[in-house]
Amino acid sequence: MGTKTTLSTTAGIILGLTSSAWAEELTVSAWGGFFEETLAAEIYPLFTAETGIEVKSIAQPEDSTWMTQLMAAARAKQAPADLSLVVDEVLFRGNEVGLWAELSPANMPSTEGLSDGYVKLNYAGNAYAVGALAFYTTFVTNTNYAPDAPESWAELWEPKWDGKLGIVTTPNSGLLEVTATTFFDGVEILETREGIEQVIAKIGELKPQVSLWYRDEGQFQQSLESGELNAGLYYHDVTMLSIWDGLPVASTFPKEGGIVSDAYWVVPRDSENIAAAEKFLDFMSRPETQALMSRTMGTFPVVPRESTDLTDEEFAAVGSDITPIRVQTHIHLREGDWLETKYQEMIAQ
């Protein structure tokens, strides 16, 4: 009897310790490469130092592949990570099929300080996603060819680029929205298929100037830096790194605005560490954390600028005060295959 009691007590202690250990580690996934590596080196250790919760950082594949893996895991009632960094399209597709856990805003008080729209709530008032970061795509140029910065996106259509523009081959790059804003008084024209076709036709006018329709971002970056390309659309943060390395490139926010893209933290519904995940999201939503991410990762903060201690120079390195152009994710989701077909037909003609 004494032995059984001792064994039972010991088993209970072991079980309790194991459960506690499980609760004190979070698996967090982010885009592989620079993003995941910098988060793991610069940001997560601060969270661990404050809370005692260890973070196991893993790299996730590109968005469509990761979405497939998340759905397969959900069918098996498993979570490949406790938290995941996702773009708008993955966020909304996952929410439509119930992939994300419900989170309590009351347990994440710092999220109250996020800019409008960065806490996604369901009808019950619970959160299913929290803004993580934003990043810009801008009008980038090779300064050896074009020493003067462009003032408007309309200059992309001017015949002055010596046939050396680089343009993304997919319709969700933001070029649709840029074209609608610059030439059609706003993105409202994209609400109808007839309007979308007008905008695609306008993009088609760029074709004589385009020497590279690209999917490989690294190829575009190298071609711009070497002078094989003279201009195009590319990430502001990556271009700023090239500038700091002394390469002949520039990133410009035209008067119509840069293209802003958002990323969100989500918790797969089968995660067993919801409470720890909420602590993580509260930490990541603080102005000081957002400012540190801007400094170390080049991301744009998802809190108001005035709540951070970013200097004017630091802020200019990651974004702009000009009202941004936003990719209309709901249109891309709704029109899906039709839009992709029309866009590729324009490129192929």
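The values are calculated or read from the model by the stated rules, or taken from the named source; none is laboratory data. These figures come from a predicted structure and were not determined experimentally. We place every Cβ from the backbone using ideal geometry, glycine too, and count neighbours over all the protein chains shown.
Yes or no, residue by residue, for (1) of a type in the set (A, V, I, L, M); (2) under 17 Å from Tyr118 (Cβ atoms); (3) at pLDDT 95 or above:
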residue	(1), (2), (3)
Asp282	no, yes, yes
Pro287	no, yes, yes
Thr299	no, yes, no
Asp321	no, no, no
Thr341	no, no, yes
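Looking across Thr289, Thr323, Thr239, Thr299, one residue alone is crowded, with 20+ Cβ neighbours inside 10 Å and out of contact with any Ser or Thr (no Cβ under 8 Å at 6 or more places or on another chain). It is Thr299.
Ile189 passes every criterion in (1) surrounded by fewer than 16 Cβ atoms within 10 Å (Cβ to Cβ); (2) at pLDDT 95 or above apart from (1). Cβ separations smaller than 7 Å between residues 6+ apart or across chains give the following pairs from region 36-54 residues that are under 12 Å from Ala276 (Cα atoms) to residues that are of a type in the set (Ser, Thr, Tyr) and assigned to a helix (DSSP H, G or I): Glu54/Thr48.
The criterion of at least 1 residues that are touching a Lys or Arg at 6+ places or on another chain (Cβ under 8 Å) and either not assigned by the TED database to the domain that holds Thr179 or not β-branched (Val, Ile, Thr) (or both) is met by the following helices (runs of 4 or more DSSP H) wholly inside region 233-349: 312-318, 329-348.
Yes or no, residue by residue, for (1) farther than 17 Å from Gln344 by Cα; (2) surrounded by fewer than 21 Cβ atoms within 10 Å (Cβ to Cβ); (3) free of Cβ contacts under 8 Å to residues at least 40 places away in the same chain:
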| position | (1), (2), (3) |
| --- | --- |
| Val178 | yes, no, no |
| Lys207 | no, yes, no |
| Leu212 | no, yes, no |
| Glu228 | yes, yes, no |
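Here is the figure for region 49-69: residues that are in a helix (DSSP H, G or I) and closer than 17 Å to Val130 by Cβ total 1.
Out of Phe92, Phe34, which single residue is out of contact with any Asp or Glu (no Cβ under 7 Å at 6 or more places or on another chain), under 27 Å from Gly117 (Cα atoms) and at pLDDT below 90? Testing whether each residue is out of contact with any Asp or Glu (no Cβ under 7 Å at 6 or more places or on another chain), under 27 Å from Gly117 (Cα atoms) and at pLDDT below 90 leaves just Phe34. Any chance region 195-208 includes a residue that's in a helix (DSSP H, G or I), farther than 27 Å from Leu85 by Cα and touching a strand residue (DSSP E or B) at 6+ places or on another chain (Cβ under 7 Å)? Within region 195-208 (the criterion being in a helix (DSSP H, G or I), farther than 27 Å from Leu85 by Cα and touching a strand residue (DSSP E or B) at 6+ places or on another chain (Cβ under 7 Å)), the answer is no, since none of the residues qualifies.
Pairing each residue of region 144-172 that is assigned to a loop (DSSP other than H, G, I, E, B) with any residue that is surrounded by fewer than 18 Cβ atoms within 10 Å (Cβ to Cβ) and modelled with pLDDT under 95, provided the two are 6+ apart or on different chains, yields C-beta distances under 6 Å for Thr169/Arg215.
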